Every structure is written in structure tokens, then in C-alpha cells.
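S.K.: One structure, as C-alpha cells, below. Some questions next.
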Amino acid sequence: MLKGFTRNFKPLEILSEEEIEAIHRGTLSVLRKTGVRFESKKALKLFEKNGCQVDYTDNRVRFPEGLVEECLQKCPSSFRVKARNPKNDMIWGGDTVYFQALSGTGSVDLDTWEPKTPTRKEYYDAITCLDALPNVHIIPWYTPWFGFKNIPPVMAMPEGLAARLRNSSKFTCSNYSMGCEVFNIQMAKAVGAEIRSSMAASPPLTFYEDAVENAFRTVEAGFILLITSGSVYGGTSPATIVGSLISGNAEIIAGIVLAQLIKPGTRIIVQDFSFPQNMRSGSPAFGAIEISLHQVAFNQIWRRYRVPIDGGVSYPGSKKIDYQAGYEKAITALIGALSGTNTIWIQGAMYGELAFHPVLAIIDDDMVGMIGRFLRGILVNDETMALDLIDEVGPIPGYYLNKEHTRKWWKLEQFIPKVADRLTYPEWLKEGKKDCLSLAKEKYQEILSTHKVDPPLTRSQEEEIERILKEAREYYRKKGMITDVEWKAYMKDLESPNYPYA
Amino acid sequence: MAKGFMRRFPPLKILTDEQVEAIHRGTLDVLQETGVLVYNEKALSVFKKAGCDVDFETKRVKFPPGLVEECLRKCPSSFRVKARNPKDDLLIGQDNVLFFNFPGTDTVDLDTWEPRPPTKKEHIDLIRVLDALPNVHFLNAYPYFGFSGGIPEVMKEIEGVALRIRNSTKVTIAIANNDIDMFTIRMARAAGSEIFANPNTSSPLTCYTDQVNACFLAAEYDLPSMIWDGATSGGTAPASLAGAVVLSNAELMPYIVLLQLLKPGARVAVANLVLPQNMTNGAPAFGEIGVSLHNVAFNQVWREYGVPTVSSSCGPTSSKRIDFQLGYQKMMPTLLSALSGSSILQLYSSIYGEITAHPIQAILDDDIAGMIGRFLEGLEVSDESLAIDLINEVGPIPGHYLGKKHTRKWWKKEQFVPKAADRLTYPEWVKTGKKSCIDYAKERMEEILSTHKVDPPLTRSQEEEIERILKEAREYYRKKGMITDVEWESYKKIIGG
Amino acid sequence: MNNEILEGLRKAIKEYDNEKAENLAKRAVEEKLDPLRVLDAMTVAIREVGDAFGRGDLWLPDLVGAADAMQAAMPIIEEEIKRTGAKRESLGTVVAGTVFGDIHSIGKTMVCTLLTAEGFKVHDLGVNIKAEEFLQAIRNYNADILAMSALMTMTAPEQKKVIEQLKKEGLRDKIKIMVGGGAITEEFAKEIGADGYDPTAPGAVKLARKLIGR
Ligand code: B12
């Protein structure tokens, strides 16, 4: 099993008991009075059968308090998730903290910093890199990118999942679009892995049919469901952080009720994916501090509901791998880890959902190592307090460098980053003034030339994946969702001698 | 008064109450059993009179626990420090959080990233930028180690204090080497400002003459003190963090005891610059996570004592450039210190480990301070902010919030808008020339330098008094032989005569 | 038997065991082992540790720990060398310290450790060392090299003072002087008439070899 990190102290809290209670009551009142819209006949019927008040004219569902409380209680407070290789299984919930790569639409040119579309080879290589990084515990959906060159958009998700299963044995995820979850679920089953899929609300207070359909399929397959609210406060939820929390939690709870009605005891993880609105451009304000305030409050409430928490989505607002990106990612991830997020998104993400780079994932991995070390805290006992040693060393000219105690303890206490610049000025000048970015580029090449996925897919697993992909291609081609031009380029891509890796 | 940020929630803790108690007991034990070397005759006598076990021969002082605890109780848990302009008065302690700068020996070239001594103008520019930034609440010593052009070593910081007093109304710090605080304290006073006395510890467990003298000066002039401890764990302190906390606390106590013996109720804050040792090259491991683990534990213990804490180690990092690494290495330690109860954070302007600083960096750090400050202020939970009626009114899609009056009012209260961060979308960013935060910071720096004025400037008579004290200092060190003939020649050229 | 002792000494150094190193040195003397061979064995061990440090396999506390273990055995072996009148092959004798007014010790300690590992006989005077103290040690130990460290611009001129004092007392030409520490530059070293400067500890070792031509 992957240990990840454990927070050895109480989580950071910013709300009082009374304030949490007020937010909880507010959420229940929204569920009861305002209700949530479900664009799914199947869901509406299920809700009605279980005592919700359903209005079929505007597809609004209003939830009785008792049902809400009951369904929250059915969510396991912690559970194991199974990866392709059991050594990568995890236990989500409680004080455990895991980290996951964070994808972007496309790649980025590290000189001009402009976005670009990755190739198939880059896609597979980036997964190899994530598989090798010690603090990437989850390689989620869309990762590393939404797709790659010559892939028709409808095939991006199944092709991506196939790539992750081939080049990594870590826990992965897949999402829904145009019904592709059917193929994704088959692929996961073919290699004996569980996956996490999602049901995303469309704020305010709405679920569309594709999300609901995916929830049914995922839950019925016995996989893990991530329920997410991704509002932009000031746009699709109130401009106040607590108002936005109420609106978002009402959405998530509606989703939980559905999932637990489909199959009681379903493993659920809830995600905070909300941003403030940038009031000039209208886009989400990536990298903003309010994301962290929202997350801490979210965590405090969901810890009370005892449901594992996902979040800390740290997309920087900066377009480059620069100072700003560094502090923006650091604060989001750190606050998430301190306040009880169980699975945090970070490695590789660049500007606001639009870019990812594996070299940045390497740099981020150091940051995650630092956070993990902090979570472990400080050990206080006779040996660590070292009173006898302090007495032995005494004042100047005494020193500690040559002591047995130092040889033992410094390694236990210090986390050593892999690609951070740790040199003194003279050393740095002599070594060519390398920064973390150039050190990470070197590391990337090293990983690509040495890392091997453990274990690779067996021959029969590989055949099965290829068969499912083929089925998906034909399905979408027949449905007219792949145009002739797209099909031609796609088929040519598949003829590559190095398929599927390049 | 300079308004800091209020932390509106309980501080982050990583130790249990029992662990805090164990560290306290350990500290008292070291003070009583091992003791501390004090190279200062006057202080040895004071300690002796107060009941310490003093060996005048070896200069070792051992402290009875009762005395230490009594002196800790005498420290005020919050206090005010007076600036020349009351708008810059400081309120230190409780849940108020202030920021100041971390100096560098040199400035740095923003293209080659190599360090070099600043010119006098650059030295003044940095002071002016720090004076202009509203979240820099006071100024540390330096901000650079002098400037190029031939000032004698011993005069660098004295000239530096004069520059700070002339170009800023913010409170500053009087470092204690070679008696220079004898002059700088009087300069601050001539300008109508208090200044922090600055006794520093030397690890392990040693107090040098000048540093101890600073306590006597603090008592004489009734000044607040900021005591620094800068042990490196694995080098001058135990490699285990709990041991390093015990040691650094034991090193701070003799100064606390002395200050409170000399003047009960003396204002004091303790500063933490404890860093892990980089075991490859022996340098302090700036910017690494051990910094924060120590800081958070330190804060927790000193909150029990009711003595305000200063986090110094969050400023310097191990990166040589203004880059991604610098960003996370500054953010994490500063944030963790702020969350865990530091009253003062030493963040602004530093780049690589005490060696380089730059005004552009100070401007960039202003956004980090603003973000952390916004976080500390937490969330307001009220009927209006909960917005349940509004949620009901807007309902599901196609409802939305952008046009609502509630949004117009609240977004500004809730959102912190950084000043030098890139917040554009990709198309906007490409159209405006792909600017990064450094470009925005340069623009802000230009603006500050062309518009900012010190408020108020020194009066004529204050200026004369400063000049007189400078002259006195020059003669004092000349006579002491600490300014050589060669130095004196080039110095004369700068000071005009 | 003999090999066992030598092997044990090597191991003691590589396992940072002061006590064992000291005991084995005593036994080596009792068993009348050739002290030069003993010294050789220890030098090989410490050099292996030094190399591992250079490669990044070992760390500072290991390096300093090994040097300490060697230092624990050293006086016993040296005594034996003196007693038997054997000719010791040391690279040279170094007197080192951080100058007066300056208590920064870390870099200076590193330099001393690496010099020891290389096979120099090092007398580390510590920190806050006055010119007279340097001079006295140079005379006492009949040193080949003086290594001075200074980390503050304020204390750097102390190095000049020491050199001038050496000149005054007619000792300057008898000794090679190398300087270092954060406040020192190549230029400054030239200006004050030092024989060499290096900004790193491994560089300091190469420099020391160069200065005495070995
Ligand atoms: C750690 C440290 C301390 C510790 C020292 C602990 C100790 N036992 O050594 C403490 C906290 C006690 C301390 C105190 C002070 N410090 Co201090 N300190 C530092 C710091 C952060 C690191 C120094 C260090 O250990 N570097 C790592 C070692 C390995 O490097 P190194 O010594 O340079 O050695 C390397 C090379 O130079 C070379 N080398 C070293 N010696 C020799 C010798 C020879 C012959 C050769 C060839 C090579 C060589 O090999 C080494 C390995 O590569 C520096 C800033 C920095 N980043 O450098 C400030 C710094 C040196 N300190 C400074 C100051 C001002 C002080 C204080 C005056 C502060 C105060 N107000 O109290 C006091 C001084 C007290 C005194 N009288 O000396 C200033 C000096 C400024 C200046 N330009 O003059 C610095 C630069 C920081 C700053 N900008 O403020 N300090």
C-alpha cells in the first residue's frame, strides 16, 4: 500500500462550532426549500420513490432533512482504493494526505511560454514521469493532458486512460463525456484496477443528464465516485465564501443522496473545486487566496460529515514557471494539507486548467515532499530533546556536527528536495548558475531513460485494452462523432511503428 | 498606528500541551545544569545579585528556574513601539501580525543573477520602496550592507541608519556590534523615534560582550528589544528539532532575564532564525521545511510564555533567482509562521540566504503578505454572508449571481487583488506582451520611486543632530583605530570634506 | 592479527567510532605495529570517506565524524612515531582558524576536516583567533600552511593584520598563506598578499596541495 502522508496534529480550523452549525443549517434549508434541479428522469423517479418532493415541471428535487442525514451517514468515512499494482493502493480519509497530478488542456513551450498541443510520445512520456515521481500518488483523469495530436476529441478520454494504464501502475481515474465511461469502466476492469469517476454539478444547483448517467454507471460498477461542486463565487454562487459554500454543499449533498440511493455504502469523496471570479476578465481567479479560505471551511464541514475530501486544486494564475506560480501553488496545496484535504491536486499544473508540464511536476514533487515532511510534525522525547547532549557540547566552541546523535537524527528530521537549488553562491557560479527549472529538465531526461512501469500490462491485458479502444473508435465513428478528416489523421497515427507509445 | 493583520482563528499547533511542557522543562534544565557563557562583567554581577550561580573565572552562569519563570512573567504580552510619525507606531503581540524586511549583503543583477554591492542610490531606493509599501510595518537593520564607494566597514550600518531615518518614518533596529548602537540609538531618538535594541545570541549557549551591552542600552534608553537566535540544527544545535527548540530557547532566556532584571516589564520580542544545516555544503539550509517545523513549535512554546515572536527564517531562501523555487520557499514558511502565531514576519526583499536582496523582490513579496493577511482575516459568518435568501432567489441554472447587488458589495470585501501578479487570460497576456510578475513589479517600482515622499521629512534641526552624531561616530572609530588611513581618505570623499 | 587491527581501525573510522579507534591505536602500539603503516591505513579510510562525500554518498556529519575518530587515534600513533623515530610522510602541517572578531565556524571546520582527510596535519585553533595566537601556533607547530577564514567584511581586514604581523616577525617567507570564507574574494586575497584563495572547501584542499607543491 502507498502510505502517502499522515497529518500528526490537529487540522487547521478557521470556523467556530456555531459557524459550522450555521452553514450546515443553511445548506439543509437550501436543499429543503430551494432544491436542486436534476435533468434526469431516472434520478427524479428514484428521488421521488425515496420521499423527496419532486417537481417534474422544472425538474426540481427538494430533500427532506432525514433523508439527507441518513445518506451522509451511509458514506464510509475512510476506505481503500485499489490500483493496478497493490503496492499503489491507498486508504483515503481520516488524517491521510495523498497528492495527485493536475492536468491541463495542453502543453507549454518552455521558452515562449505559449500553449501547444502535445504529441502521442510526449503524452506517454509525461505519464512515465508521473509514475516515477515518489509523491505523485494518483494520476487522475485528463492527465497529463486532455488529449494529444491526431486524436478526435471523443476518443481523448479512452485513449488517455489506456495510456495511463500502460505506462503507470498507480491509481488512476477517468471521467465522462459522450458516454465514454462505458469503455473506461471496461478497461479498468480488464486490468484489475479500480478507478474514480465523477459527478459534477453545474452550479447553481443543477445536474445534467451526462453527469447523472455517469454516477449510475460508476456506482453500479462498484467504483469510487467523486462528487464535485465547481462554482465561481460572484458568478455561479454567491460572492461571499460562506454563501458559496452553502450553495456548493447543497449540490454535493444532492449528489450523495443519489449515489447512496443507487447503492448504499458507495465510496464517495467530495471535491471543492470553487474559485473566486476575476472581476475584470470574468474567468475564475486562479491562484487566489480565497480558494484556500473556501477549502479550509469546506474541510471543516466535511470532516464533521465524515466524508473523505478532495481538493486543493492549485492552478496558478501565472503563465510561466516563475515566482508567482511558486507561491500560488504553495499556499493552495499547503493550506489544503493542513486543514484536512485527503487528496490534493498539484503536480504539473500550470496556468488555470489550460497547461501542464511534466518538468514542473518534478519541481512540484519537491514542494509536496516539504509539505509531507511538515505534516509528520516534531517528535518530542528524551532522545530528541537531547538534554544530555546539550550539556556535553556546552557553549562555544562546542558544536554538534561531529556527534553520533547528529548523524542519526538529521536524516530523520530533514527533507532533502531533489531539484531545488541548494548551492552556495560560489558553487552555483561554478556549476553554471542552474535553477530548479534546468535541474528538473535534467531530471526529466534521467527519468525517461531509466524508469520502467512496474508491472507492465500482461499481453492479454494489452490485447483487451486494444480491443476496447477499437470498439470505442468504431462506436463513435458510426455515431458520426468522428469526422472524415479526423478519422484519416487518427488512423494514420495508429499506423506508427511505435504505436501506442509514439 | 500601522495596521497589521488580525488572525481571527486559533493558531495552528503541532505539539500537544504535554510536549510544550516537556520543552519548557528541558529549557529550564539546560539553564540550570549546563548554563551559559556570558562575556560581560557587568552582566555577570547582575546575574550574581539575582541569585544565579556565577563562575567569574570561566564566565559560566547557571540560572535557577524560579528566576527564569519570574522574568518571563514580567514580559508584556503586547506593547506599542513609537515611530517618528504616529501612523507608523507598532502594536506588537496578541493576534496582530506585522511584516518587515530581511536584508541582503548585496543587491543582485536581474539579468545575470549575480550579486554585487549596491550604489548609494540603490541603497536609498530600497529604503524608499520599503517605506512606501503599506504592509512593511518597520525596517530591519541594513537593508544592504552599506554601499559601494568606500565607507569604512565600521561606519556602514551607522550611515545606513542615517539613510533609513532620512528616507523613512518607519521604526528600525539598532544592531549591536562594535558599540555602533551607542550612536544609532541616539540618532533615532534625535528623529523622535524609538528603535529596537538588538541583542543576539551565539550558538551554542554563548553571549558575547556587545550583544549583552545592547540590553544595558535598552534599559538605559527604555527601548523595546528584539532578541535573535540563529542556531543551525545539526551544526550549532542538535539535529533533532525538539532539541534545537530547547537549545534556542535556553539561549534566549539569559537576555530575557537580564532585560527584566534591569527594567521589569521591559518590552521584548524573540526572533527565530534557526535553520537546518545543509549537510552537503555546510551552509544553513534556507527555505527548507525544517525552518517551519522549528518555527511553529517555537511559536507554540512562546505563546505559552506570552512573549511575542518574530519569524526571521521565512525571508531568505536557497534560490539565487526570482523564480518558482523562491516563490514556494518564501510562501510556505511565511504562511506556516503566520498561521501558528508569529507576531512579526520577516519576509520582504530577500532572495538568497542573507546575501542578496532587491526592491523588486520586496514589491513581489507584498502580494504574499497581502494573501496571507487576507487568509488570517478568515470568514465572516452572518445572515448576509450566508446569503440563503439570495440562493433561493437565484435558484438553479439559468440563475446567476454576477448582476446582484450582494455581489457588487461583497466581492471586494472577500477578494484580495494582488498588485504585481499576472491575472490575465492567455489571449490578454499574449496581447499585452507576455508580462510576468517581475515586469509588473518593475512598473510598480518606477511608480513608487517617482511619486513616493517620506512623510514627514526630517526637520532642519533633526537633520543637524543626525549629522552631528555621525561626525562623532566617525571621530570615535577613527580614534579607536577602526578606520584606517586608507579608508579615511576614500571616506572623506563621500562625506564631502 | 596485525591486519585485524588495521582493518579494525579502518572500520572504526568509517563507522565514526572514536572509542574503538582510540583503543585499537593503543593496541597497535602494544603489538608494536609499524606506526607508519597504521597511519597509512587510517589515511586510506578517511580518504575513502572523503571521496564518498565528494560523490554525494556521504554527508557532512559523516565526514566530520570520521575525522573525529581519526583524531582520537592520532595522538597515540604520533607519539609512537616520535618514539620510534620513524619518518612520517605528512603532506604538511596546517594551522587554521577564523580570525579575531568573527565566530563563524562552519566553513572553517569543513576545510580543516577535508585537509585532514587528505593527509595534512591540521591544528584547528577555533574561532575568534587573534594575530598573536596564530603566530604562536605557527611557531609551535612549525607549520607549512596558514589557513584563515573570515565571513564578515568587518573582520576580513584581520587577515591582513596577521600577514603584516608575520612579516614583522620575519616569518612570512617561511609559510604559505591561504584565505577563505564568505567575505573574501580573489582580489582581496591578492591585495593583502595571501598566496591563495578558494571559495569552496574541496577547492581549499587542492589549493593547499598546490601551495606546497605536492
Ligand atoms: C550561519 C551564520 C551565522 C551563525 C554562525 C554559526 C557558526 N558557528 O558558524 C551565527 C547566527 C552565530 C551568526 C552570527 C553573526 N553573523 Co552571520 N551568518 C551566517 C550565515 C547565514 C552562513 C554562514 C555559513 O556558515 N556559511 C556556510 C559555510 C560552509 O560557508 P563559509 O564559511 O563561507 O565556508 C565555505 C567557503 O567560504 C570556504 N572556506 C571557508 N573558510 C575557508 C578558509 C580557507 C583558507 C579557504 C581556502 C576556504 C574557506 O569553504 C567553505 C565550504 O565551501 C551567513 C550568510 C550566508 N548565507 O553566508 C551570515 C553572515 C556571514 N553573518 C553576518 C553577520 C553580520 C553576523 C552577525 C554580526 C549578526 C549579528 N548582528 O549578530 C553575527 C556575528 C557574530 C560575530 N562576531 O562573528 C553577515 C556578514 C555580513 C558582512 N558582509 O560582513 C552574513 C553574510 C549575513 C548577513 N548578510 O547579514 N552568523
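The values are calculated or read from the model by the stated rules, or taken from the named source; none is laboratory data. Here the structure is a predicted model, which means the values were calculated and not measured. Positions of Cβ are generated from backbone atoms using ideal geometry, with glycine treated the same way; all protein chains shown enter the neighbour counts. Keep in mind that these areas ignore ligands, DNA and RNA; they rest on the heavy atoms of the full protein, side chains included. Shrake-Rupley method; radii C 1.70, N 1.55, O 1.52, S 1.80 Å.
S.K.: So what's the net charge close to B:PRO276: Lys and Arg +1, Asp and Glu -1, counting the other residues with Cβ under 14 Å from its Cβ?
M.R.: The answer is +1.
S.K.: Moving to a separate point now. To the nearest 20 debye, what is the magnitude of the charge dipole of the range A:269-329 about its Cα centre, counting +1 on the Cβ of each Lys and Arg and -1 on the Cβ of each Asp and Glu?
M.R.: Taking the Cα centre of the range A:269-329 as origin, the dipole is about 60 debye.
S.K.: How do B:182-193, B:320-331 rank on mean C-beta neighbours within 10 Å, highest first?
M.R.: In decreasing order of mean packing, B:182-193, B:320-331 become B:320-331, B:182-193.
S.K.: When the Kirkwood radius is taken over all Cα pairs of the range B:211-316, what Stokes-Einstein diffusion coefficient follows at 25 °C and 0.890 mPa s, in µm²/s?
M.R.: 173
S.K.: Separate question: Step through the residues of the range A:332-345 one at a time and calculate ³J(HN,Hα) from phi using the Karplus curve (6.51 cos²θ - 1.76 cosθ + 1.60, θ = phi - 60°), rounding each to whole Hz and writing x for Gly and Pro.
M.R.: Listing the rounded values in order: 5, 5, 5, 4, x, 5, 5, 9, x, 5, 8, 10, 10, 8 Hz.
S.K.: Looking at chain A from every direction and averaging, what is the projected area of its Cα convex hull in nm²?
M.R.: Convex hull of Cα atoms, orientation-averaged projection: 27.6 nm².
S.K.: Run the dipole for the range B:78-155 about the Cα centre, Lys and Arg Cβ at +1, Asp and Glu Cβ at -1, nothing else charged, and hand back the magnitude in debye, nearest 20.
M.R.: Computed charge dipole of the range B:78-155: roughly 440 debye.
S.K.: Then there's this: Would you give the gap between the C-alpha center of the range B:433-486 and the C-alpha center of the range A:475-502, rounded to a whole Å?
M.R.: Centre-to-centre distance over Cα atoms comes out at 68 Å.
S.K.: Give me the three principal axis extents of chain C from the C-alpha atoms, as integers in angstrom, largest value leading.
M.R.: Sorted from largest, the Cα extents of chain C read 55, 38, 28 Å.
S.K.: Also, I was wondering about something else. Which whole-angstrom value gives the distance between the alpha carbon centres of the range C:82-96 and the range B:181-237?
M.R.: Rounded to whole Å, the Cα centres lie 46 Å apart.
S.K.: Given the options B:VAL310, B:PHE216, B:MET445, identify the residue whose Cα lies farthest towards the positive end of the charge dipole of chain B (+1 on Cβ of Lys, Arg; -1 on Cβ of Asp, Glu).
M.R.: The Cα lying farthest towards the positive end belongs to B:MET445.
S.K.: Per the Debye formula with a single identical scatterer at each Cα and no solvent contribution, what log10 I(q)/I(0) holds for the range A:382-450 at q = 0.15 Å⁻¹?
M.R.: Debye curve over Cα of the range A:382-450, log10 I(q)/I(0) at q = 0.15 Å⁻¹: -0.73.
S.K.: Ok, one more. Please report the equivalent ellipsoid semi-axes of the range B:19-75, computed as sqrt(5 x eigenvalue) of the Cα gyration tensor, largest first, in whole Å.
M.R.: Semi-axes, largest first: 21, 13, 8 Å.
S.K.: Where a ≥ b ≥ c are the square roots of the eigenvalues of the C-alpha gyration tensor, would you call the range C:93-211 rounded, which needs a/c under 1.5, or, failing that, prolate if a/b is larger than b/c, or oblate?
M.R.: Judged from the Cα gyration tensor, the range C:93-211 comes out rounded (a/c under 1.5).
S.K.: In addition: Hey, got the average number of other protein chain Cβ atoms within 10 angstrom for residues in B:486-496?
M.R.: Per-residue shielding by partner chains comes out at 0.
S.K.: Once you sort the root eigenvalues of the Cα gyration tensor of the range C:2-84 as a ≥ b ≥ c, which label holds: rounded (a/c under 1.5), prolate (a/b larger than b/c) or oblate (the other case)?
M.R.: prolate
S.K.: Could you pull the accessible area for B:LEU458 with a 1.4 Å probe, rounded to 10 Å²?
M.R.: Using a 1.4 Å probe on the heavy atoms, I get roughly 30 Å².
S.K.: Now for a separate question. Could you tell me which residue out of A:LEU102, A:GLY398, A:ASN214 lies farthest along the dipole of chain A toward its positive end? Charges go on the beta carbon: Lys and Arg +1, Asp and Glu -1, centred on the Cα centre.
M.R.: Final value for the positive-end residue is A:ASN214.
S.K.: While we're here: Which whole-Hz couplings ³J(HN,Hα) result when phi for each residue of the range B:235-250 is put into the Karplus expression 6.51 cos²θ - 1.76 cosθ + 1.60, θ = phi - 60°, listed in order with x for Gly and Pro?
M.R.: Once rounded to whole Hz, the list reads x, 9, 9, x, 6, 7, 5, 4, x, 5, 5, 4, 5, 5, 5, 5.
S.K.: Using Cα atoms only, what is the angle between the long axis of helix C:157-168 and the major principal axis of chain C, expressed in degrees (0 to 90) to the nearest 10?
M.R.: 80
S.K.: Using just the helices of the protein assembly as shown, give the 222 nm mean residue ellipticity in deg cm²/dmol: DSSP H runs with n ≥ 4 each add -39,500 (n - 2.57), and the total is spread over all residues, rounded to 500.
M.R.: -15000 deg cm²/dmol
S.K.: Moving on to the next point. So how do A:458-470, A:356-368, B:147-159, B:128-140 stack up, highest first, on mean other-Cβ count within 10 Å?
M.R.: Answer by packing, highest mean first, reads A:356-368, B:128-140, B:147-159, A:458-470.
S.K.: Enumerate the amide H contacts of B:ALA387 below 5 Å, restricted to partners 5 or more residues apart or on another chain; note that Pro and chain-start residues carry no placed amide H.
M.R.: Excluding prolines and chain starts, which carry no amide H, there are no hits.
S.K.: For the range B:185-244, what's the radius of gyration and Dmax over Cα atoms, in angstrom?
M.R.: Calculated on Cα positions, Rg and Dmax stand at 14.8, 46 Å.
S.K.: If you take each beta carbon of peptide A:6-16 and count the beta carbons of other chains within 10 angstrom, what is the mean?
M.R.: 4
S.K.: What is the distance in Å between the Cα centroid of the range A:253-302 and that of the range A:124-193?
M.R.: If you average the Cα positions of each part, the centres end up 23 Å apart.
S.K.: Take every residue in peptide A:27-39, count the Cβ atoms of other chains within 10 Å of its Cβ, and give the average of those counts.
M.R.: Across the residues of A:27-39, the mean count of other-chain Cβ atoms within 10 Å is 3.
S.K.: In a shell of Cβ-Cβ distance under 12 Å around A:PHE273, excluding A:PHE273 itself, what net charge do Lys and Arg (+1) and Asp and Glu (-1) give?
M.R.: Summing Lys/Arg as +1 and Asp/Glu as -1 gives -4.
S.K.: Now for a different question. Could you work out Rg/(2.2 N^0.38 Å) for the protein assembly as shown, with Rg from alpha carbons only?
M.R.: Rg over 2.2 N^0.38 Å, computed on Cα atoms: 1.00.
S.K.: Here is a further query. Here is the link list: B:LYS156/B:LYS442; B:LYS480/C:LYS130; A:LYS329/A:LYS441; C:LYS121/C:LYS206. Which ones come out longer than 21 Å on Cα distance?
M.R.: B:LYS156/B:LYS442
S.K.: Using +1 at the C-beta of Lys and Arg and -1 at the C-beta of Asp and Glu, which of C:ALA66, C:VAL111, C:LEU171 has the Cα lying farthest in the positive direction of the dipole of chain C?
M.R.: C:LEU171
S.K.: Still on this structure, please answer the following. Starting from the Cα gyration tensor of the range A:241-345, take the square roots of the eigenvalues, sort them a ≥ b ≥ c, and report rounded, prolate or oblate (rounded when a/c is under 1.5, otherwise prolate if a/b is larger than b/c, else oblate).
M.R.: Prolate, because a/c is 1.5 or more and a/b exceeds b/c.
S.K.: Using only alpha-carbon positions, what ratio does the radius of gyration of chain B give when scaled by 2.2 N^0.38 Å?
M.R.: Compared with the compact-globule rule of thumb, chain B sits at 1.03.
S.K.: Okay, moving on. Can you give the three extents of the C-alpha atoms in the range B:387-445 along their principal axes, from longest to shortest, in whole Å?
M.R.: Dimensions of the range B:387-445 along the principal axes of its Cα atoms: 46, 24, 12 Å.
S.K.: Let me ask something additional. Please list log₁₀ I(q)/I(0) at q = 0.15, 0.20 Å⁻¹ for the range A:25-116, using the Debye equation with identical point scatterers on the alpha-carbon positions.
M.R.: -0.83, -0.93
S.K.: Ok, one more. Excluding B:GLY395 itself, calculate the net charge of residues whose Cβ lies under 11 Å from the Cβ of B:GLY395, where each Lys or Arg counts +1 and each Asp or Glu counts -1.
M.R.: Value of the local net charge: +1.
S.K.: If you don't mind, another one. What fraction of the DSSP beta bridges in the protein assembly as shown is antiparallel, stated in percent and rounded to the nearest 5?
M.R.: 30
S.K.: Sorted by mean Cβ packing within 10 Å, highest first, what order do the peptides B:425-432, B:30-37 take?
M.R.: Order by mean packing, descending: B:30-37, B:425-432.
S.K.: Evaluate the charge dipole of chain A about its Cα centre and quote only its size in Debye, nearest 20, assuming +1 on the Cβ of each Lys and Arg and -1 on the Cβ of each Asp and Glu.
M.R.: Here the size comes out at about 1060 debye.
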